[in-house]
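Reviewing the structure listed below.
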Amino acid sequence: MDVMESAVTEARAWAAAQTKVTEPRAGIGWYYFDPESGSILVGSSNIRRGLSPLQTELEALVWAMQSMLAHNKQRMNFQTDCAQLVKMVSKPAECPAFEILLEEMDKCRRMFQAFSLTHIPTSQNTKADKLARSARDQPHNVYYINSIPPASLPCRYRNLGC
């Protein structure tokens with residue numbers, strides 16, 4: 001039986017995103033760990049803030065999926081602390097406002113040999129959360145994918161325990 005690899009995706013719009021509409025950026029991040037090989041991949045980026053935190057969560061998932069496919073990861077269990085995202089992905093017809101992003105997500109999903117998306121508690125999503133927050137807080141554009149946390153994005157990355 002193949003072991004499904006897992007990645008944790010997390011998107012953090014600016015704290016209290018609904019009330020701080022002037023903040024132009026959101027941070028997204030993902031963390032991948034393969035228990036068999038011990039290999040780690042991390043992704044961290046800041047993007048234009050979407051219309052809602054849920055849109056940012058979906059953008060983070062699509063980016064994580066694209067990144068895993070680019071690294072030839074074919075069997076994935078993606079995990080998120082956003083229950084709304086899991087519900088929206090399971091019933092995309094109920095969310096016409098996100099139709100284009102949901103179509104992109106579905107296109108990626110069909111490229112996996114095995115795909116699942118599960119909800120996890122926020123307390124189990126701290127690494128991806130730190131990656132997202134650190135990218136969001138940078139005054140410059142960030143787009144980072146590597147096997148080690150970026151040294152140029154200070155303190156929060158050093159606490160990932162990678």
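Odds and ends about this structure:
- For Ala83, the test of being surrounded by fewer than 17 Cβ atoms within 10 Å (Cβ to Cβ), hydrophobic (A, V, I, L, M, F, W, C) and over 21 Å from Ser123 (Cα atoms) is failed.
- Ser123 fulfils the conditions (1) at pLDDT below 90; (2) surrounded by 16 or more Cβ atoms within 10 Å (Cβ to Cβ); (3) closer than 24 Å to Asp34 by Cα except for a single criterion, (2).
- Index of the failed condition, Ala128 passing every other in (1) part of a helix (DSSP H, G or I); (2) over 15 Å from Ser45 (Cβ atoms): (2)
- Qualifying residue in segment 89-105 (condition: at pLDDT 90 or above and under 19 Å from Tyr32 (Cβ atoms)): yes
- Apart from one condition, Asn72 fits all of (1) outside any helix (DSSP H, G or I); (2) modelled with pLDDT of 85 or more; (3) in contact with a strand residue (DSSP E or B) (Cβ under 7 Å, 6 or more places away or on another chain); the exception is (3).
- Verdict on Met76 being closer than 20 Å to Ile47 by Cβ and buried (at least 19 other Cβ atoms within 10 Å of the Cβ): no
- Applying a threshold of 6 Å to beta carbon distances and a minimum spacing of six or more residues, or different chains, the list of pairs starting in segment 75-104 at a residue that is acidic (Asp, Glu) and ending at one that is not in a helix (DSSP H, G or I) reads Asp81/Ile120; Asp81/Asn125.
- Flag for Arg48 being over 22 Å from Lys107 (Cα atoms), touching a strand residue (DSSP E or B) at 6+ places or on another chain (Cβ under 8 Å) and in contact (Cβ under 8 Å) with a residue 60 or more places away in the chain: no
The values are calculated or read from the model by the stated rules, or taken from the named source; none is laboratory data. Just so it is clear, the structure is predicted and the values come from calculations on it, not from any experiment. Neighbour counts run over all protein chains shown; Cβ positions are idealised from the backbone, glycine included.
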